[in-house]
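I have placed the structure first, in the form of structure tokens, so that the comments after it can refer back to it.
The values are calculated or read from the model by the stated rules, or taken from the named source; none is laboratory data. No experiment lies behind these values; they were computed from the predicted model shown. Using ideal geometry, Cβ is built from the backbone for each residue, glycine included, and neighbour counts are taken over all protein chains shown.
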Amino acid sequence: MKRLKVLTSAFACAPGGAAEKFGGGELILGWNVVQQLARFHEVWVLTHSQHQQAIKKGHPQNESSHLHFRYLSLPGLLERLKSVQGGIQFYAYLWQLRAYFVARRLHREVKFDVFHHVTYANDWMASFIGALLPVPYLRGPGGGAHRTPRAFLHEYSLSARLWERFRSFGQWVLRHDPFYLRGQRRARVILLCNREAADAVPPRLKSKVQLFPVNGISAEDLRIFSGANGSGSAVTGPGEDRQGLSDAAFQVLSAGKLLSLKGYALAISAFAPFAKHHSDVRFTIVGDGAERTRLENLIRDLGLEKQVQLKRWIPRQDLLALMRHCDAFLFPSLRDGGGAVVVEAMAASKPVVCMDLAGPGMHVTEDCGIKIPPRSPDEAIELMTQALERLYQDRELRVKMGQAGRARAEQVYSWDHLGERLSKIYEEVWGVPSQEV
């Protein structure tokens, strides 16, 4: 069977979400997609030079002859853009332009069959390679059309509200970029990570759209979350070491950047009446960000210092260990296209409480969690409180939801499964049966 020669653009790409100045979940997405493509095809990866050391450490050159990396960056002065809010998007746009000229030279040498734009995983920025390189083009998975519900904007600080407006305006401008429009017309498949992104696609392009998550779980992570019998443990047993969490009877965990859009003020406000009636409950939030001081003040004002802990960001493997030993995972984000921690919590066999929005709203079903409709802040707080109370009172429900989440993570979100889905998409579009080696 023929292995296609695939060129990929993965601006962010590094094993394990390596600690870099930018990237986060995008690093994990880029790394796993190109790894999966290399199971079936010969793959060349254009990525930022900053990831070279992490990639070489995590991917020895003799490990796979089917994966070839090319590293590129911009001149030193432009590198400073990455440290400015919003500057990374402008930097990535210019980087994509440089990547086109590298791709054009490489194409003369290799003669690619396919170009696949992977990261950044937004659906609103031009891919110059996709628009101009004369080979079939596939884009995604990505997103970006999701918005904070209007009723929740007053939860944001003034600067955060202004940033939301600037973000929306900037996306509108970039969606009218002639190179973006040309690329969308040329794309044979557009993979999008949530229904909000799919709904925003113009009618003339909807036939190209397929839903495909930007988040997955590796076989290694599934093993980490598995007990001795090979299945995840949904409930921490009496007296079991919680490895970094308190020894409270019911431990709620959350993790993410401490930003307005993550909704942690809502979560803390929802936890307050729940904690008032139960002295044996604790809430741990792992993360850092601009909202830390505001959240610390809210915890103090609500008298929750003994029951709510803001824990500084920790290495991913340590976070996965905390997930394994909590009782429920609360993810109150108001604007999240993906939400990798939600998939990880499902893989850890934990029931998830989240807003019914974008990525988390697609990941979580009624079988494996409780989704909160985003109608108003007051209602969301009340429903989150009720959800925590329900899970606290019903151990069997926690077990049942945890088991359903684990099964969904294995069957839908494992990277190996997602790689096989990508392979089938390639077969459908290019008519070339894939064979794993």
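General observations
- Boolean, Leu310 is in contact (Cβ under 8 Å) with a residue 40 or more places away in the chain and within 16 Å of the chain's Cα centre (by Cα): no
- Restricting Arg395, Arg421 to those that are of a type in the set (D, E, K, R) and outside the structural domain of Ile224 (by TED's automatic domain parsing) reduces the list to Arg421.
- Given (1) under 21 Å from the mean Cα position of the chain (by Cα); (2) not in a helix (DSSP H, G or I), index of the condition Tyr91 fails: (2)
- Residue check for Ala358: outside the structural domain of Glu196 (by TED's automatic domain parsing), buried (at least 24 other Cβ atoms within 10 Å of the Cβ) and either small (Gly, Ala, Ser) or within 23 Å of Ala407 (Cα to Cα) (or both): yes
- Top-ranked residue in the range 252-277 [being in contact with a Ser or Thr (Cβ under 8 Å, 6 or more places away or on another chain) and assigned to a loop (DSSP other than H, G, I, E, B); ranked as surrounded by the most Cβ atoms within 10 Å (Cβ to Cβ)]: Gly263
- Exclusive hit being in contact with an Asp or Glu (Cβ under 8 Å, 6 or more places away or on another chain), farther than 19 Å from Phe152 by Cβ and of a type outside the set (Ser, Thr, Tyr), set Ala340, Ala347, Ala358: Ala347
- Unmet requirement for Leu94, which otherwise passes all of (1) closer than 20 Å to Trp44 by Cβ; (2) surrounded by fewer than 18 Cβ atoms within 10 Å (Cβ to Cβ): (1)
- Of everything listed in (1) part of a helix (DSSP H, G or I); (2) under 24 Å from the mean Cα position of the chain (by Cα), the single unmet condition for Ile190 is (1).
- Set side by side, the residues Ser65, Ser159 differ, and just one is in the same structural domain as Pro15 (by TED's automatic domain parsing), more than 28 Å from Leu205 (Cβ to Cβ) and in a loop (DSSP other than H, G, I, E, B), which is Ser65.
- Residue match in the range 117-130 (condition: part of a helix (DSSP H, G or I) and over 30 Å from Pro360 (Cα atoms)): yes
- Candidate set from the range 278-334 (those that are of a type in the set (Asp, Glu) and in a loop (DSSP other than H, G, I, E, B)); member that is surrounded by the most Cβ atoms within 10 Å (Cβ to Cβ): Asp327
- For the range 189-206, filtering for residues that are surrounded by 15 or more Cβ atoms within 10 Å (Cβ to Cβ) and basic (Lys, Arg) leaves 1.
- Whether a residue is buried (at least 21 other Cβ atoms within 10 Å of the Cβ), among the basic types (Lys, Arg) and outside the structural domain of Ile190 (by TED's automatic domain parsing) was assessed, and Arg375 does not pass this test.
- Being farther than 23 Å from Arg316 by Cα and either at pLDDT 95 or above or within 17 Å of the chain's Cα centre (by Cα) (or both) is not true of Leu29.
- Ser333 in contact with a Lys or Arg (Cβ under 7 Å, 6 or more places away or on another chain) and on the phi > 0 side of the Ramachandran plot: no
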